[in-house]
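Presented below is the structure to which this report refers.
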Amino acid sequence: MFLFAVTLANEDKKEEMPLIESTNMEVFYSEEGIVVAKMCAESRLQYENGNSIYPAGMYVECYDKQKKLIATLRANTAYQYVDKEMWELKGDVEVKGYHEGDQQQLNTEELYWNLKTNKIYTDKFVRLETGNELLTGYGIDAIQDLSCYTMSSPQGFVNLDSAEIQ
C-alpha cells in the first residue's frame, strides 16, 4: 500500500514538472504579419499541456495596426492558460491604456485577460486613474486598452482638475 501511494505521489510530481524552462524572453505576437504585441519576461515554465507560469512576472506592450502603442501591462506573476486563451495576472498588476492621446492607468492585485475578446476583468479592489479622474472600487470589466470600462462596485471618485493637492 505504501509503495502504491509513493508511486501516485511521484506521478503527480511528474505532471507538475515543467517541460520547458526559458529565461530572458522577448516574444513578438503578430496578426497578418503585423506585430500587435511584445512580451518580455525573465523566466517561463511551460508545461506539457501548453500552459505556462511566469514566476518572475512579465511586461507586455500592445500595438494597433499602425504600430502605435495602445496599452502596456505588467504583473509580478502570470499564468497563461493556452486552451482557454486566458491569462491570470497576480501581484502589483498595472495596465496603462493610451487612447486618442489620453492615458488611463489601472492598478489591482489580480486581473484576468481574455485574448479572444481583448478584455480584462477582476472582482478585486481596483484603482483607475484617467486624465482628470481617480476612481476606486471593487471589480472592473474593460477593453484591454481601457478605452471602455465598467466598474462593478465603485467606492470613491475624485475629479483631479478640482482637487487641491498640498
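Converting phi to 3J(HN,Hα) with the Karplus coefficients 6.51, -1.76 and 1.60 and the offset θ = phi - 60°, the stretch 74-80 yields 9, 7, 6, 9, 9, 10, 10 Hz in sequence order, with x at every glycine or proline.
Compared with the alpha-carbon gap, the fully stretched path from Lys119 to Ile34 is longer by 28.6 nm at 0.36 nm per residue. With both labels modelled 7 Å from their Cα along Cα-to-Cβ, the Leu19 to Asn49 distance reads 1.2 nm. Every pair of different Cα atoms in the stretch 33-80 enters the Kirkwood calculation, which places the hydrodynamic radius at 11.7 Å.
For the stretch 23-166, the share of accessible area belonging to carbon and sulfur comes to 46 percent (1.4 Å probe, ligands and nucleic acids excluded). Helix 2-16 and the long axis of the chain differ in direction by around 40°, with both axes built from C-alpha atoms. Based on Cα contacts under 8 Å between residues 6+ apart, the stretch 34-166 shows a relative contact order of 15 percent. Charge tally for Gln103 (other residues, Cβ to Cβ under 11 Å; Lys, Arg +1; Asp, Glu -1): -3. For Val36, the residues whose amide H sits under 5 Å from its own are Tyr29, Ser30, Glu31, ignoring neighbours fewer than 5 places away on the same chain, with H placed 1.01 Å from N. In the context of the full set of protein chains, residues of the chain present 62 Å² of accessible surface per residue (probe radius 1.4 Å, heavy atoms only). Karplus-based coupling profile of the stretch 138-152, in residue order and whole Hz: 10, x, 8, 10, 8, 6, 4, 8, 6, 6, 8, 8, 10, 9, 5, with θ = phi - 60° in 6.51 cos²θ - 1.76 cosθ + 1.60 and x standing for Gly or Pro. Placing Glu88, Glu129 in order of accessible area, with the largest value first and a 1.4 Å probe, yields Glu129, Glu88. Couplings for the stretch 122-137, taken from phi via the Karplus curve 6.51 cos²θ - 1.76 cosθ + 1.60 with θ = phi - 60°, read 7, 10, 7, 4, 10, 10, 10, 10, 10, x, 9, 9, 10, 10, 10, x Hz in order; Gly and Pro are left as x.
For Asn51, the amide hydrogen comes within under 5 Å of the amide hydrogens of Val82, counting only partners 5 or more places away or on other chains and with H modelled in the peptide plane.
Placing unit charges on each Cβ (+1 for Lys and Arg, -1 for Asp and Glu) gives the chain a dipole about its Cα centre, and among Gln155, Val35, Gln80 the Cα reaching farthest toward its positive end belongs to Val35.
Residues considered: Ser153, Ser43, Ser30. Largest GNM mean-square fluctuation over the chain, using C-alpha springs under 10 Å, is found at Ser30.
Is the shape of the stretch 65-153 best called rounded, prolate or oblate, per the rule: a/c under 1.5 gives rounded, else a/b larger than b/c gives prolate, else oblate, with a ≥ b ≥ c the square roots of the Cα gyration tensor eigenvalues? In terms of gyration-tensor shape, oblate. Pairs of Lys residues in the stretch 38-166 are counted when their Cα atoms are under 19 angstrom apart and they lie 8 or more places apart or on different chains; the count is 18.
The values are calculated or read from the model by the stated rules, or taken from the named source; none is laboratory data. Quick caveat, the model's predicted, so the values are computed rather than measured. Virtual Cβ from ideal backbone geometry, glycine too; neighbours counted across all protein chains shown. Remember, those area values only see protein heavy atoms, side chains included, never the ligands or the DNA or RNA. Shrake-Rupley method; radii C 1.70, N 1.55, O 1.52, S 1.80 Å.
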